[in-house]
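J.: Below is one structure. I have some questions about it.
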Amino acid sequence: MSFDLVATDGEARAGVLHTVHGDVPTPAFMPVGTKGAVRSVDPAELRELGTSILLGNTYHLHFRPGDELVADGGGLHAFMAWDGPILTDSGGFQVFSLRDTLLAVDEVGVTFRSVYDGSPVRFTPEDVARIQANLGSDVAMCLDVCPPALVDRGDLAEAVRLTSAWAARQRVCARAPGQLLFGITQGASDEELRLRSIAEITELDFDGYALGGLSVGEPRDVMFDSVAWAAPALPDEKPRYFMGIGDPEGVLEVVERGVDMFDCVLPTRTARTGSALTSEGRLNLRNSRFARDPRPLDEGCACPACTRFSRAYIRHLANQKELLGLRLLSLHNLRYLLQLTAGAREAIERGTFTAYKAEVLGRLPGAREEVP
Ligand SMILES: [Zn+2]
């Protein structure tokens with residue numbers, strides 16, 4: 001069994017995902033290493049910050065440097081010098097979210113133009129299985145059809161049907177040694193279609209299950225309501241992955257509803273805009289009120305930025321686009337989300353998750369209005 005459920009508190013869960021490269025305590029936040037790197041951060045630093053699993057993007061690594069090159073280099077772990085667990089997505093999200101590059105979807109696969117050179121490329125379930133086997137990730141994801149929010153119901157039903165058909169094909173493909181495979185459910189916020197997708201995908205019996213096709217532009221309350229009935233419909237004994245959420249409020253809301261794993265580019269993306277995620281809300285360091293502020297980004301944070309540098313200095317670095325500014329903000333933002341998630345896990349184990357969530361959100365001004 002690759003997943004152990006350790007404690008529950010309401011619908012919230014604490015568990016452990018076992019992989020070839022080590023255990024992942026859940027709830028787990030996965031920093032995104034899109035092109036084989038979490039931007040500007042060394043893998044040794046990721047480990048020190050408390051990262052237990054990284055996400056790599058199949059789409060990007062397939063094109064640059066190429067998954068066969070990575071395989072020749074000993075797989076993604078050796079290539080990027082990260083010996084902990086790695087989850088690779090299927091590439092489907094990039095293919096379907098870059099809609100102006102999407103050419104055709106048919107029974108066998110999807111055809112699109114590469115964002116790198118515009119050439120037409122085809123992904124089938126068999127292709128993404130081979131690419132992820134080459135990358136050698138610990139957890140591979142199935143290729144799914146991810147329609148945009150507000151697609152008509154006929155198209156949504158077709159996405160559910162095709163996603164199940166593709167999952168059945170990918171399930172029997174060769175994998176890297178010990179590689180786990182997660183199925184992805186679709187159906188947006190349509191209860192009948194989502195539950196149909198969950199029934200069809202869980203029938204195939206994967207190592208874990210993702211809620212795909214949410215957080216794609218629908219209202220936040222609709223998204224949270226959907227997770228509330230969809231997550232508990234997934235098997236208790238398998239990990240549940242919500243794809244693409246990483247703002248503090250969103251993380252706590254989906255964890256409360258029974259999600260175990262999630263990923264987001266928010267920590268490094270906000271760092272690029274000169275912003276810090278803190279226990280008292282998001283700070284835009286570009287704001288002149290920080291020009292002479294001697295305090296750390298977040299009082300009590302043990303990250304390399306907060307233990308040594310002032311807001312005033314980091315603001316100066318961000319304004320001058322110094323690489324050190326990007327690095328310090330990335331380190332801090334990653335640490336913040338990893339700590340938030342570790343705190344959630346401890347609270348679930350103690351049976352105090354509701355109080356923990358209320359305390360964290362109570363300190364965040366206007367968290368409800370702050371959409372990632
Ligand atoms: Zn910090």
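J.: Can you give the longest run of the chain that contains no GluC sites (Glu not before Pro) sitting in a DSSP loop with at most 16 other Cβ atoms inside 10 Å?
T.: Answer - 108-236.
J.: A further question follows. Which log10 I(q)/I(0) values, to two decimals, does segment 291-367 give at q = 0.11, 0.16, 0.25 Å⁻¹ under the Debye formula with one point per Cα?
T.: Cα-only, vacuum Debye calculation for segment 291-367: -0.36, -0.68, -1.11.
J.: Now, a different point. Of all accessible surface on segment 1-141 at a 1.4 Å probe, what whole percent is carbon and sulfur?
T.: Reported share for carbon and sulfur atoms: 52 percent.
J.: Using only Cα atoms and rounding to the nearest 10 degrees, what angle (0 to 90) does helix 323-350 make with the longest principal axis of the chain?
T.: So the inclination is approximately 70 degrees.
J.: Still on this model: Would you grab the residues whose amide H sits under 5 Å from the one on THR26? Only those 5+ places off in sequence or on another chain, please, with H modelled 1.01 Å from N.
T.: GLY15, VAL16, LEU17
J.: Here is a follow-up. Could the peptides 219-230, 178-189 be put in order, highest first, of the mean number of other beta-carbon atoms found within 10 Å of their residues?
T.: 178-189, 219-230
J.: Another question, if that's okay. When Lys and Arg each count +1 and Asp and Glu each count -1, what net charge do the other residues less than 13 Å away from PRO235, Cβ to Cβ, add up to?
T.: So the environment of PRO235 carries a net charge of -3.
J.: Right, next: Students often check this: by mean Cβ neighbours within 10 Å, which of 72-83, 159-170 ranks highest, and how do the rest follow?
T.: Result, highest mean Cβ count within 10 Å first: 159-170, 72-83.
J.: List the trypsin sites (Lys or Arg not before Pro) within segment 285-353 that fall in a DSSP loop (any state other than H, G, I, E or B) and whose Cβ has at most 16 other Cβ atoms within 10 Å.
T.: Sparse-neighbourhood loop trypsin sites (Lys or Arg not before Pro): ARG286, ARG292, LYS321.
J.: Taking Cα atoms, how many degrees apart are the long axis of helix 153-171 and the longest axis of the chain, rounded to 10 and kept between 0 and 90?
T.: The angle comes out at about 80 degrees.
J.: Now for a separate question. Tell me, what is the per residue accessible area of the chain in Å², probe radius 1.4 Å?
T.: Using a 1.4 Å probe on heavy atoms only, each residue of the chain averages 40 Å².
J.: Further, regarding this structure: Which value results when the Cα radius of gyration for the chain is divided by 2.2 N^0.38 Å?
T.: My calculation over the Cα atoms of the chain gives 0.96.
J.: Dipole size in debye (nearest 20) for segment 254-372 around its Cα centre, Lys and Arg Cβ +1, Asp and Glu Cβ -1?
T.: Result for segment 254-372 is approximately 540 debye, rounded to the nearest 20.
J.: Sticking with this structure for a sec: Please work out, to two decimal places, the log10 of the ratio I(q)/I(0) at q = 0.17, 0.19, 0.22, 0.27 Å⁻¹ from a Debye calculation in which every Cα of segment 143-192 carries one identical scatterer.
T.: -0.55, -0.64, -0.77, -1.00
J.: Moving on to the next point. Taking Cα pairs under 8 Å and at least six residues apart, what relative contact order does the chain come out at, in percent?
T.: Relative contact order here is 17 percent.
J.: Another one. With θ taken as phi - 60° and the coefficients 6.51, -1.76 and 1.60, list the Karplus ³J(HN,Hα) couplings across segment 285-292 in order, rounded to whole Hz; mark glycine and proline as x.
T.: For segment 285-292, the Karplus curve yields 5, 5, 5, 5, 5, 9, 4, 10 Hz.
The values are calculated or read from the model by the stated rules, or taken from the named source; none is laboratory data. Just so you know, these numbers come straight off a predicted model, no measurement behind them. Using ideal geometry, Cβ is built from the backbone for each residue, glycine included, and neighbour counts are taken over all protein chains shown. Just so you know, the surface numbers come from the protein's heavy atoms only, side chains and all, with ligands and any DNA or RNA stripped out. Shrake-Rupley method; radii C 1.70, N 1.55, O 1.52, S 1.80 Å.
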